[in-house]
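Let me begin by presenting the structure, written as structure tokens, before commenting on it.
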Amino acid sequence: DDNSTVERVAESFYDPAAGGVYVFTSHLSKFGVAYRPAVFSDVGADHWANPYVTFLAARGLLDSEGGTYRPDDTATRGELIQLLAQALSAAKLPAQPVQVYSDVPATSSLALASNWVYYNNLAGAITSGGTLRPNAAITREDMAALLGNTASGVGLRLRSKGLDTGYTDLDSVADYARQSVIRLRVAGVLEMTQNYKFNPDATLNRGEMAQIVASLLSNL
């Protein structure tokens, strides 16, 4: 940066087809390609979520010092919001947090991210009564609504891969999330399940959360 401090560019990915590394940044500088390994004892090389978890950890978005990631644990609303705020440089966090949700005090580690989603109306569709419910499990349709609103709110141009939405239960997705599900599926951020269902009311686990956010960053 301007102070000669080295920063990691979270919004970066390697495209094997093009044979190049792509980065998204808001300033000109000197850039280098580096590999930052991260090891989680519960996400080994043979674990299905390993590519996504290591993708995020290499960009400093996940902390591997604790030794475990807990990929099968249920992902919470607060965890997804925090991860998105850290992953996107376009997420302009306030310098000083204030309390905007009754269940997220200004002293909370989630306060800055909650301010970001509140003032940009990114979570309006999944909140009510002035609460964020950060510790509650996040459903798949709420995840899609949050990602879709975030992509629009910060001006992300998701690259269409021309994929057929194909979900047989798309009509059961809530109105506030349906277009986001379609947009994210067409862009390849959401994968197709074996039974061709989106399962809007099902909850997300932490492995799936890593997969979706990593896929989002790789699609920019």
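The values are calculated or read from the model by the stated rules, or taken from the named source; none is laboratory data. Since this is a predicted model, take the numbers as computed values, not measurements. Because the Cβ atoms are built from the backbone with ideal geometry, glycine has one as well, and the counts that use them run over all protein chains shown. With ligands, DNA and RNA removed, areas are computed over all heavy atoms of the protein, side chains included. Shrake-Rupley method; radii C 1.70, N 1.55, O 1.52, S 1.80 Å.
Observations, loosely collected:
- Residue satisfying all of: in region 1-13; free of Cβ contacts under 8 Å to residues at least 40 places away in the same chain and more than 26 Å from residue 67 (Cβ to Cβ); surrounded by the fewest Cβ atoms within 10 Å (Cβ to Cβ) among these: 3
- Selection count where residues are in contact (Cβ under 8 Å) with a residue 40 or more places away in the chain and open to solvent by less than 40 Å² (accessible area, probe 1.4 Å), scope region 122-144: 12
- For region 168-195, filtered to residues that are among the charged types (D, E, K, R) and assigned to a helix (DSSP H, G or I), the residue that is most open to solvent (accessible area, probe 1.4 Å) is 171.
- Across region 14-41, the number of residues qualifying as open to solvent by 50 Å² or more (accessible area, probe 1.4 Å), more than 22 Å from residue 84 (Cβ to Cβ) and either touching a Pro at 6+ places or on another chain (Cβ under 9 Å) or assigned to a strand (DSSP E or B) (or both) comes to 1.
- Here region 114-142 is the region considered, the condition is being hydrophobic (A, V, I, L, M, F, W, C) and under 15 Å from residue 176 (Cβ atoms), and the residue that is modelled with the highest pLDDT is 138.
- Leading residue by the ranking (nearest to residue 36 (Cα to Cα)) among those in region 59-101 that are of a type in the set (Val, Ile, Thr) and open to solvent by 10 Å² or more (accessible area, probe 1.4 Å): 68
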